[in-house]
Amino acid sequence: MYYNIDIGEEASLLRFILIFLILFINFEASASDKLILTRINKMQESDRIMNSIKKNILESDFTKASQNIKNIKNWADIMIQFFPQGSEASETNFSSASNDIWKEFEKFKDNVNIFRANANKMFVDAQNNDLNQLTKSFRDTKNTCNSCHENFRN
Ligand code: HEC
């Protein structure tokens, strides 16, 4: 099979493999390091799942879309627990989480809740086989990913 991988994708693939290995082998990782690596891994997974959902929408495959959206929904429901105080980016971890998360924690929580609402909306739209609404709620969810990154990722 032919893969057209540009440099950006190659770097992120390498990073993914590295993080996966560290999670898997788990050497010398403190509880906080593990939590950070898990959340980075979940974020990368969300990225791949969002691409699958996009494909499902293009193919009007509501069954597969629902399954994929369920994963996003489940992550949205628990993600706040993966941002405890003191887990921001530092020289000794892989994180790019901004200090602003904890400076403006209420605002961060609002972003998480908007994300949850949009993921729920996607799920309902997929269950209703409503292509127009699902296209819209997918776009809204993607915008939530991006706006949270703009505000809270270094
Ligand atoms: C409420 C805020 C928030 C939402 C919503 C959010 N993210 Fe993130 N995301 C973050 C933060 C903060 C980081 C940095 C985490 C870290 O490095 O510790 C991050 C990191 C990432 C990364 C980089 C991981 C790496 O390799 O370092 C990707 C990819 C990503 N998110 C994808 C997504 C996608 C896709 C969505 C939506 C489906 C999403 N995120 C929703 C806050 C959010």
- Message: For the range 30-152, compute Rg over Rh where Rg is the Cα radius of gyration and Rh is the Kirkwood radius from the inverse mean 1/r over Cα pairs.
- Response: 1.01
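Give the calculated FRET efficiency between residue 90 and residue 14 to the nearest 0.05, with a Förster radius of 22 Å applied to their Cβ-Cβ distance.
That pair, residue 90 with residue 14, gives E of 0.55.
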- Choice from 133, 81, 44 with maximal GNM fluctuation in the chain (Cα, 10 Å cutoff): 81
- Note on the structure: Total charge of the residues flanking residue 130 in space, meaning their Cβ is under 12 Å from its Cβ, with Lys and Arg +1 and Asp and Glu -1, is +1
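Coordinate-derived values only; no laboratory data. All of these numbers come straight from a predicted model, not from anything done at the bench. Cβ atoms come from the backbone with ideal geometry, glycine included; neighbour counts cover every protein chain shown.
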